[in-house]
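Structure record follows, encoded as structure tokens.
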Amino acid sequence: MASSEIDQKFLGKLARLVENENPLLSSVLFKILGLSINLSSQLITARKQRRQDGSSGNPPLDLHLHIIWLSREGLLLLDQYVLPSATLKKNVELKILAYKLLASFYHIIVLFHNTPPVTTIGTNTPEGSVTNGLDKGKGVAKGNGTYGHGASKSISEGGPVGPPPGFGPQSPTAFLMKPGDYLPLAQQCFKEAIQLAEQHLWGSHSLRLSVKTEYAAFLYECVHDAEASRKLAKETISEVYEATEGIDNDMFNDACELVTVLGKMMKRGLGSNNTLRSKGHATSNSGSQGTPRIEQTESQAPVTAPPGMI
């Protein structure tokens, strides 16, 4: 996500790289870096609270609002300052990172703010707000029958009267961002970022892996296309196998970490009886490193969300 450590590394590196040439762009990249670090802690808190409250638990409203606000600010900074300044001729990695972060912030918006909701993470949707306005377990009574929001009783029979479309209760996050379906926009941003990464970065480049790893997560948890998510993870690992370019120690370690995550994502949704565990193994030499390799074993540990992802 926009909160991943790999994206943060590139933000810091690129901010320093353009510091003398473009101080304004450098300062904006540092602001996005600080925002990303803050957002990372918020997402980790939300994930922990979901585990404590159960899989369908929702984050507290203040945490929910903070996550949406940080994501919105990231989108504004990218749109107003970074994207107009990032060109492939000057810096390929900056251009790809900008598009990747754009997709990543929209990924968070889809998780926490989308209308209609695509996950159970979001809180206080318009439908939920109306339901919560009634006494729990009571609804609206007529005669001997009791029914709540969404009942099939007609108004003439005394059913609950809802506001006209467009005038109903809105999510508390509506004042931060206009409610709507951001899923197609997020998916388009991911596709653009992947297209750029495939054209200009080699298969084991950690930024390219970061783009594809998050898109695989997005397909699984937002699009709910588990097969496409597993296929993308598998193809990305194959691309890492085929890459022959040398990479430094830091990028090598990042690539190993992402290959391990992709190996787990390749098995998500298959069930414990049909899965194999993918574990990253690599050896390093001084100087440039080769492409990391993974080795399959027979056991499968419970799959957890990748770092920084809900």
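The values are calculated or read from the model by the stated rules, or taken from the named source; none is laboratory data. For clarity, every value in this text was computed on a predicted model and none was experimentally measured. Reconstructed Cβ throughout: ideal geometry from the backbone, glycine too, with neighbour counts over all protein chains shown. Protein only, heavy atoms only, side chains kept; ligands, DNA and RNA dropped before computing areas. Shrake-Rupley method; radii C 1.70, N 1.55, O 1.52, S 1.80 Å.
From the set of residues in segment 11-50 that are outside any helix (DSSP H, G or I) and surrounded by 15 or more Cβ atoms within 10 Å (Cβ to Cβ), which is nearest to the chain's Cα centre (by Cα)? Spell out how you get there, then give the answer.
The initial filter retains those residues of segment 11-50 that are outside any helix (DSSP H, G or I), namely 18-22.
The next check asks that each one be surrounded by 15 or more Cβ atoms within 10 Å (Cβ to Cβ); those that pass are 18, 22.
Details: VAL18: 27, ASN22: 29 Å.
Residue satisfying both the conditions and the ranking: VAL18.
Out of (1) closer than 25 Å to GLN199 by Cα; (2) open to solvent by 60 Å² or more (accessible area, probe 1.4 Å); (3) modelled with pLDDT of 95 or more, what's the single condition that is false for LYS89?
In the conditions (1) closer than 25 Å to GLN199 by Cα; (2) open to solvent by 60 Å² or more (accessible area, probe 1.4 Å); (3) modelled with pLDDT of 95 or more, LYS89 misses (3) alone.
Consider segment 171-200. How many of its residues are open to solvent by less than 30 Å² (accessible area, probe 1.4 Å), among the hydrophobic types (A, V, I, L, M, F, W, C) and either touching a residue at least 40 places away in the same chain (Cβ under 8 Å) or under 19 Å from GLN8 (Cα atoms) (or both)? Don't jump to the end; show me each part of the working.
From segment 171-200, those open to solvent by less than 30 Å² (accessible area, probe 1.4 Å) are 171, 173-174, 176-177, 180, 186, 189-190, 193-194, 196-197; that's our starting set.
From the residues that got through so far, the ones that are among the hydrophobic types (A, V, I, L, M, F, W, C) too are 174, 176-177, 186, 189-190, 193-194, 196-197.
Still in the running and either touching a residue at least 40 places away in the same chain (Cβ under 8 Å) or under 19 Å from GLN8 (Cα atoms) (or both): 176-177, 186, 189-190, 193-194, 196-197.
Counting residues in segment 171-200 that are open to solvent by less than 30 Å² (accessible area, probe 1.4 Å), among the hydrophobic types (A, V, I, L, M, F, W, C) and either touching a residue at least 40 places away in the same chain (Cβ under 8 Å) or under 19 Å from GLN8 (Cα atoms) (or both) gives 9.
Report yes if some residue within segment 120-138 is at pLDDT 50 or above, within 27 Å of GLU221 (Cβ to Cβ) and open to solvent by 30 Å² or more (accessible area, probe 1.4 Å); otherwise report no.
Going through segment 120-138, the residues at pLDDT 50 or above turn out to be 120-122.
Narrowing further to those that are within 27 Å of GLU221 (Cβ to Cβ): 120-122.
Applying the additional criterion that residues be open to solvent by 30 Å² or more (accessible area, probe 1.4 Å) yields 120.
Yes, that holds for at least one residue.
Taking only segment 201-225 into account, find how many residues are out of contact with any Asp or Glu (no Cβ under 8 Å at 6 or more places or on another chain) and open to solvent by 30 Å² or more (accessible area, probe 1.4 Å).
So the answer is 4.
Between LEU97, LEU77, which is open to solvent by 20 Å² or more (accessible area, probe 1.4 Å) and modelled with pLDDT of 50 or more?
Values: LEU97 fails: open to solvent by 20 Å² or more (accessible area, probe 1.4 Å).
Result: LEU77 is the single residue among LEU97, LEU77 that is open to solvent by 20 Å² or more (accessible area, probe 1.4 Å) and modelled with pLDDT of 50 or more.
Please specify each residue of segment 210-224 satisfying the condition of being without any contact (Cβ under 8 Å) to a residue 60 or more places away in the chain and within 16 Å of GLU257 (Cα to Cα).
LYS212, ALA216
Just one of the numbered conditions (1) open to solvent by 10 Å² or more (accessible area, probe 1.4 Å); (2) under 18 Å from LEU219 (Cβ atoms) is not true of VAL110; which one?
(1)
Residues of segment 217-259 being among the aromatic types (Phe, Trp, Tyr) and closer than 20 Å to GLY271 by Cα, which ones?
Narrowing segment 217-259 to residues among the aromatic types (Phe, Trp, Tyr): 218, 220, 241, 252.
Answer for segment 217-259, where residues must be among the aromatic types (Phe, Trp, Tyr) and closer than 20 Å to GLY271 by Cα: PHE218, TYR220.
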